[in-house]
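Student: Here you go, one structure.
We did not get these values from a lab; they are worked out from the coordinates using the rules stated. This is a predicted model, so every value here is computed, not measured. Ideal geometry is used to build each Cβ from the backbone, glycine not excepted, and the neighbour counts take in all protein chains shown.
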Amino acid sequence: MDLMDLNEWAFIGVFLVIAALLPIVPIAMGRLLGPRKPNPVKTDTYECGIETVGDTWIQFKIQYYIFALVFLAFDVEAVFLFPWAVAYGGLGFFAFVEILIFLALLSLALIYVWRKGALKWT
Amino acid sequence: MIDPSLIVSCSASTACSLAHAIIMSVLIFATLMGGFAYTTWLERRLVSRFQHRVGPNRVGPAGLLQPVADGIKLIFKEDFIPAEADKAIYLLAPILKAVPALIVLAVVPLGPPILIPWFDGLWYQVPLGIADVNVGVLWLLAITSIGTYGVVLAGWSSGNKYSMLGGLRSSAQMISYELSMGLSMLVPVMIVGSLSIADIINGQTAPPIVGWYLWQNPLAAAVLMIAMLAEVNRSPFDMPEAESELVGGYHTEYSGMKFALFFAAEYIGMIAISAIAASMFFGGYHWPLPATWAPIFGPVNMFIKIVLFLSGMVWIRATLPRIRYDRLMAFGWKVMFPLALLALAWTAVVLVVADMAEDPLVYQLVAGLVMGVVALFLLIWTWRRSQRSAAPLDVTDSRNSVGWAIVHAIGAIVAAPFAVYDWLMAHRGGFSGLWDVTRREEAARRAARAAAAAAAAAEAEAPTDTDNAE
């Protein structure tokens with residue numbers, strides 16, 4: 001790798017280290033300066049003042065999973081668009097036809113998912 | 001004038017590089033933290049004006065010390081961990097949410113390189129930004145999606161059903177809108193042919209304002225801004241923390257400084273997306289003050305644009321009600337995603353036609369024509385919508401939802417630049433100076449491309465020694 005490129009990422013490395021320290025310092029300060037008097041009522045789960053019923057990690061809607069799966073498929077396809085977009089200026093007409101076919105396929109997939117009812121929140 | 005031989009690039013010297021990295025990081029973090037504090041002040045003042053109140057005005061002049069008082073109060077609050085919580089993850093979550101919000105701006109340059117004199121008689125050329133990496137847009141997308149983990153883990157580890165629901169909702173919402181955001185960010189990338197934010201900003205310099213990529217593809221700009229609003233969970237997309245149904249959402253169980261971190265991350269996220277939107281479609285640091293004359297104007301320009309965007313977000317919050325969750329997901333997938341695909345196809349068509357025509361005027365005409373067709377389509381569509389909803393108002397009808405209102409707004413945004421473009425075409429003579437600049441640049445670009453192609457062809461005909469060796 002080019003030394004210049006490494007240099008840029010080293011800057012980001014420095015930035016990252018300082019960024020990681022930034023949230024830790026206020027939390028530590030809050031720990032030191034704030035009072036600490038926990039009691040069972042205070043540390044209880046707050047659900048609008050009513051006592052919690054049953055386990056917290058309950059079953060939730062399958063719909064969340066379906067959206068995650070649909071997202072994964074489309075996101076992987078969107079990743080393919082990035083190298084194409086960067087090189088688009090020099091590729092000419094062929095790349096244009098190619099990408100129209102690709103976009104058409106993406107849209108077809110979206111229509112399929114849509115018609116299948118996966119995007120419907122029931 | 002400075003002797004050009006005395007100017008050295010900062011990256012050539014290790015000491016300068018190191019000093020630049022550290023000083024710039026500290027400066028950016030200080031600005032972001034201060035910006036966060038005063039964004040809360042701005043929001044409270046503006047929202048109270050919208051609601052016919054005065055807002056915080058007791059602590060300092062015009063309430064300007066209110067954020068300081070809030071900060072001091074939060075540090076001295078008790079910071080307890082709920083008995084039901086998963087302790088390690090509960091501690092990690094606010095950090096995971098705050099760090100990405102802080103580092104996302106690392107790749108966004110805030111001005112052109114600045115010349116700083118030093119004691120050794122040399123002038124150091126220091127870039128006004130952390131780093132200008134060649135994968136800047138990818139960095140933005142990657143880092144913004146890491147913030148989702150903070151929200152999900154906070155919701156999951158709190159040991160509270162409301163928190164968990166808030167976290168789940170947020171993750172589903174963020175991934176849905178991330179797709180449209182990524183696709184609309186591709187439009188400037190396509191026009192410039194580079195993933196570096198500095199290249200994207202410098203591609204929008206001439207002519208001022210008209211050169212902004214907003215006019216090349218207003219649809220993509222609108223999609224990007226709406227998707228970014230959803231990414232930072234701002235109203236009307238503030239589902240994860242819908243206080244009327246989920247208490248506080250994912251941060252219900254957080255108190256003291258940990259709660260403040262979630263709060264800070266949200267506001268710093270707002271600042272970050274304003275900076276990103278300004279760089280991608282609104283000319284970055286180049287306007288209204290001439291940043292090429294004095295680099296120090298760059299950050300000032302960015303500041304002006306960011307404050308305008310922030311005020312816009314506060315205005316949206318004061319105006320629009322929260323969207324119901326099913327409609328929010330439907331809007332993301334059934335309106336935003338197809339619109340993002342359409343915007344991508346639009347720019348692809350315009351660019352390929354311009355490439356074949358080899359004439360910038362044809363390119364401008366085609367861009368205007370495509371914009372006209374899209375605007376006409378949207379106008380007819382919205383007109384038919386309005387005809388249909390002329391029937392007695394039915395509140396349960398989803399056509400009257402906020403989602404459709406936003407689509408109408410996109411129609412208006414699309415129509416406005418078309419009118420501007422029309423006007424520009426009518427007054428072309430008066431703008432001949434501007435047009436000549438773009439034409440000359442276009443011609444130079446084409447010549448360079450043709451030369452490169454010719455060189456490549458010559459190389460292909462005469463195989464070099466390395467080819468033979470292989």
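Student: Just subtract the alpha-carbon distance of B:ILE209 and B:TRP118 from 0.36 nm times their residue separation and send over the number in nm, one decimal. Mind showing how you got there, number by number?
Tutor: Working: separation 91, 0.36 × 91 = 32.76 nm, distance 3.60 nm.
Here the segment from B:ILE209 to B:TRP118 would lengthen by 29.2 nm.
Student: If Lys and Arg each add +1 and Asp and Glu each add -1, what is the summed charge of the other residues whose beta carbon sits under 15 Å from the beta carbon of B:ILE89? Could the numbers behind the result be given before it?
Tutor: Numbers: positive: B:LYS87, B:LYS97, B:LYS258; negative: B:GLU84, B:ASP86, B:GLU253.
Neighbourhood net charge equals 0.
Student: Under 15 Å from the Cβ of B:LEU110, count the other residues' Cβ atoms, weight Lys and Arg +1, Asp and Glu -1, and hand me the total.
Tutor: Values: positive: B:LYS305; negative: B:ASP132.
Value of the local net charge: 0.
Student: In nm², what is the average projected area of the convex hull enclosing the Cα atoms of the protein assembly as shown?
Tutor: On the way: hull surface 137.1 nm².
With the hull built on Cα positions only, its mean projection is 34.3 nm².
Student: I've got another one for you. Indicate, rounded to the nearest 5 percent, the antiparallel portion of the DSSP beta bridges found entirely in the stretch B:4-357. Numbers along the way, then the final one.
Tutor: Details: 5 of 8 bridges.
Counting DSSP beta bridges with both partners in the stretch B:4-357, the antiparallel share is about 60 percent.
Student: Describe numerically, in nm with one decimal, the distance between label points set 7 Å from Cα along Cα→Cβ at A:THR52 and at B:ARG58.
Tutor: Calculated label separation equals 3.6 nm.
Student: List nothing, just return the count: lysine pairs in the stretch B:4-357, 8 or more apart or interchain, with Cα separation under 28 Å.
Tutor: 14
Student: More than 33 angstrom separation, counting every C-alpha pair in the stretch B:4-357; what % is that? Display every interim value, and only then the final one.
Tutor: On the way: 20342 of 62481 pairs.
The calculated P(r) of the stretch B:4-357 puts 33 percent of pairs beyond 33 Å.
Student: Residue by residue through the stretch B:281-289, what is 3J(HN,Hα) from phi via Karplus (6.51 cos²θ - 1.76 cosθ + 1.60, θ = phi - 60°)? Round to whole Hz and write x for glycine and proline.
Tutor: 10, 10, x, x, 8, 7, 9, x, 8
Student: How big is the charge dipole of the protein assembly as shown about its Cα centre, in debye rounded to the nearest 20, if each Lys and Arg gets +1 on its Cβ and each Asp and Glu gets -1 on its Cβ? Provide the component values of the computation, followed by the final result.
Tutor: Numbers: 37 positive and 43 negative charges, 519 e Å.
Around 2500 debye, computed over the protein assembly as shown.
Student: Show the residues, 5+ positions off or on another chain, whose built amide H is closer than 5 Å to the amide H of B:ILE114.
Tutor: B:VAL126, B:LEU128
Student: Let me ask another. Compute the FRET efficiency between A:ALA68 and A:ALA10 as 1/(1 + (r/R0)^6), taking r as their Cβ-Cβ distance and R0 = 35 Å, and round to the nearest 0.05.
Tutor: 0.50
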